[in-house]
Amino acid sequence: MHDENLIKEIKRKALEIRKWVIESVYRAGSGHPGGSLSIADIIACLYFHEMRHNPKDPKWPDRDRLVLSKGHAAPALYAALALAGYFPVEELKNLRKMGHFLQGHPCMKKVPGVDMSTGSLGHGLSVAVGMAIAGKLDGKDYRVFAILGDGEVQEGEIWEAANTASHYKLDNLIAILDRNKLQIDGPTEEVMHLEPLPWRWQAFGWDVVEIDGHNIEEILDTFHEIKLNEKPTIIIAHTIKGKGVSFMEGTLSFHGKPPSEEQYIRAMSELEQAEREVDD
Amino acid sequence: MINAKLTDKMRNLRDAYSSALIELGYKNPDIVVLDADLALSTKTKRFGTVFPDRFFDMGIAEANMMDVAAGLAACGKIVFASTFAVFATGRCYDSIRQSIAYPELNVKIVATHAGISVGGDGASHQMLEDIALMRVLPNMTVIAPADATEMEDVVPTIAEHEGPCYVRIGRADAPIIFETHGAFRIGKGYVLRRGDDVAIIATGTLTAEALKAHELLEKKGIEAMVIHMPTIKPIDKRLVRRAARRTGRIITCEEHSVIGGLGDAVAMAIQDEPVPMVRVGINDVFGESGEARELMEKYGLTAESIARKAKKLVAKS
Ligand SMILES: Cc1ncc(C[n+]2csc(CCOP(=O)(O)OP(=O)(O)O)c2C)c(N)n1
Ligand SMILES: [Mg+2]
């Protein structure tokens, strides 16, 4: 159980992240709102409660790491990093603009707080495995989080990494699978089936938890309950692509398309309304 | 000029790799080694025996191995990742591109069994495009040492170098040509023989052949400059230009496709003052099974073939 104020605070952060996702993608004229909105609550829980990190010292060796394996959700990550204080929030207005540092996909060399460069799907879990092994080697107690897309786990390398993680007993590795059930060409189960997902991960030696990826309390509790039991953990987070903006929810069309001006105004007013509801 | 002598002494570069790696392991606790079920062949297993905590077999999952290497490097480790050249590069290209080269992480890919001299395994295992694949990546350093002595210098040097490196070595034993250690620097080429008629620029296994070609040409009254170019990227541009100006003719020699390798790198270095060039390499075909020596002969990767081409080039221009 977490206290009411904390949950409210994180809800507000998640909405701020959502607003910045819309704002930055709208201004950029391109980008991926759908998959950014589906992870906003998870990212907010990570950066504003669960993760041990220090925006004043982005390279702190003892920090928890986050690999955004589904790198196209960069707008959500950037918003969280900016709101946490890694760089000025004003920079979010320069997403994808030449001469500015917020690249279309996460770039660890350019963006403070980004732990790994991603964008090509299927690599991030392996990278997180490497980070987790390094933590064990150094006797450090940091944890490594990796956020995966559900379509992304169609990549074979994900399963190589899954196998490696359980083989090396990486209980400092926590994967979060954004189960929004959509990829680009359609619903995941139509494009290339994934179910039974929990069973598949269990078979690879992982602890599997299934949650509602938009329920802040449940997300926080789940993180809280992860055990150091020599097994990696995957949280299958059931989410809605485009969550928080009515006309984007559950649609394929906003995977990689910015809102029009009219849609932008509507989206922002919906999110502002949601903010007011949190404060009530 | 540095001292290089053709000797009958043979040594395997993989042996040199593993002994250098172990030495490095004692000196630097941040060295971590990965392999993909070829640790007995690449000889990284010897490191694993001495330092079991810092050796990880990743199984037959090479692309995953390269990304794991990136993750370790992102946490401050100096990672050596080894497997055969054919698997280390082609199979892993995107992992290397996205997770090692782009974020400029400290991963050293040491690939063995490069080139046609792999022999019996045939074309599936004879990697002839790896220099091309790695050279095209920004931030990547590409190295092909000529003998075991040099390999023993390469290993600690790349460990000290901050950033991604690709090192290719062959399977076969190679004649020792350098008797003393210490010459190797990243990005530097070495004049092994002086001469004004033609410059033979060679890398990896073909440097020894180039030295033999020098002797063959000498008998025919042709004075060939011989340059050993262990670093293909960044190439020693100044030396290449100097050789071009001095001799007016260049032959490049590599156990690699004539496309995308040393030949291209040399051509690029002299593009604003070009001289006639001939490339000794594999002519855009796949290899085949056979004995290493037989294959090198069939595909023209010998001193005789280099000398023949040099003679023709000198006669023509
Ligand atoms: C290796 C690779 N192939 C294709 C793409 C193009 N791509 C970008 S996003 C995406 C769909 C991802 O779907 P999913 O993982 O479900 O992400 P989400 O629904 O959370 O946006 C694809 C195919 C890519 N970035 N990387
Ligand atoms: Mg999806």
Given (1) out of contact with any Asp or Glu (no Cβ under 8 Å at 6 or more places or on another chain); (2) on the phi < 0 side of the Ramachandran plot; (3) open to solvent by 10 Å² or more (accessible area, probe 1.4 Å); (4) within 15 Å of ligand 1 (Cβ to nearest atom), index of the condition A:Asn163 fails:
(4)
Test of understanding: among B:Glu288, B:Glu294, which residue is out of contact with any Gly (no Cβ under 8 Å at 6 or more places or on another chain) and at pLDDT 95 or above?
B:Glu294
Where in segment B:101-192 are there strands (runs of 3 or more DSSP E), lying wholly inside it, with at least 2 residues that are open to solvent by 10 Å² or more (accessible area, probe 1.4 Å) and more than 14 Å from chain A (Cβ to nearest Cβ)?
B:173-175
Test set (1) among the charged types (D, E, K, R); (2) open to solvent by 40 Å² or more (accessible area, probe 1.4 Å); (3) not in a loop (DSSP other than H, G, I, E, B) - A:Asp57 fails condition number
(3)
Of the residues that make up segment B:42-54, is at least one within 10 Å of chain A (Cβ to nearest Cβ), under 24 Å from B:Ser257 (Cα atoms) and surrounded by 24 or more Cβ atoms within 10 Å (Cβ to Cβ)?
no
Where the second residue is open to solvent by 10 Å² or more (accessible area, probe 1.4 Å) and not aliphatic (A, V, I, L, M) and the first is free of Cβ contacts under 8 Å to residues at least 12 places away in the same chain and near ligand 2 (Cβ under 10 Å from one of its atoms) and lies in segment A:171-191, which pairs have Cβ atoms under 9 Å and are six or more apart or on separate chains?
A:Pro187/A:Lys181
Criterion violated by B:Leu217 - all others in (1) surrounded by 24 or more Cβ atoms within 10 Å (Cβ to Cβ); (2) assigned to a strand (DSSP E or B) satisfied:
(2)
In this structure, is B:Thr83 touching a residue at least 40 places away in the same chain (Cβ under 8 Å), in contact with an Asp or Glu (Cβ under 8 Å, 6 or more places away or on another chain) and more than 14 Å from chain A (Cβ to nearest Cβ)?
no
What's the number of the condition A:Ile147 fails, among (1) over 25 Å from A:Ile240 (Cβ atoms); (2) in contact (Cβ under 8 Å) with a residue 60 or more places away in the chain; (3) not hydroxyl-bearing (Ser, Thr, Tyr)?
(1)
Checked against (1) under 15 Å from B:Met140 (Cβ atoms); (2) at the interface with chain A (Cβ under 7 Å from one of its Cβ atoms); (3) touching a residue at least 24 places away in the same chain (Cβ under 8 Å); (4) crowded, with 24+ Cβ neighbours inside 10 Å, B:Gln98 satisfies every condition except (3)
Every residue from segment A:110-119 that is within 16 Å of ligand 2 (Cβ to nearest atom) and either at the interface with chain B (Cβ under 7 Å from one of its Cβ atoms) or surrounded by fewer than 24 Cβ atoms within 10 Å (Cβ to Cβ) (or both):
A:Gly119
Count of residues meeting criterion [crowded, with 16+ Cβ neighbours inside 10 Å and in contact with a helix residue (DSSP H, G or I) (Cβ under 8 Å, 6 or more places away or on another chain)] in segment A:221-248:
15
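The values are calculated or read from the model by the stated rules, or taken from the named source; none is laboratory data. Model, not experiment: these values are computed from the prediction. Neighbour counts run over all protein chains shown; Cβ positions are idealised from the backbone, glycine included. To get the accessible areas, we keep the full protein, side chains included, count just its heavy atoms, and leave off ligands, DNA and RNA. Shrake-Rupley method; radii C 1.70, N 1.55, O 1.52, S 1.80 Å.
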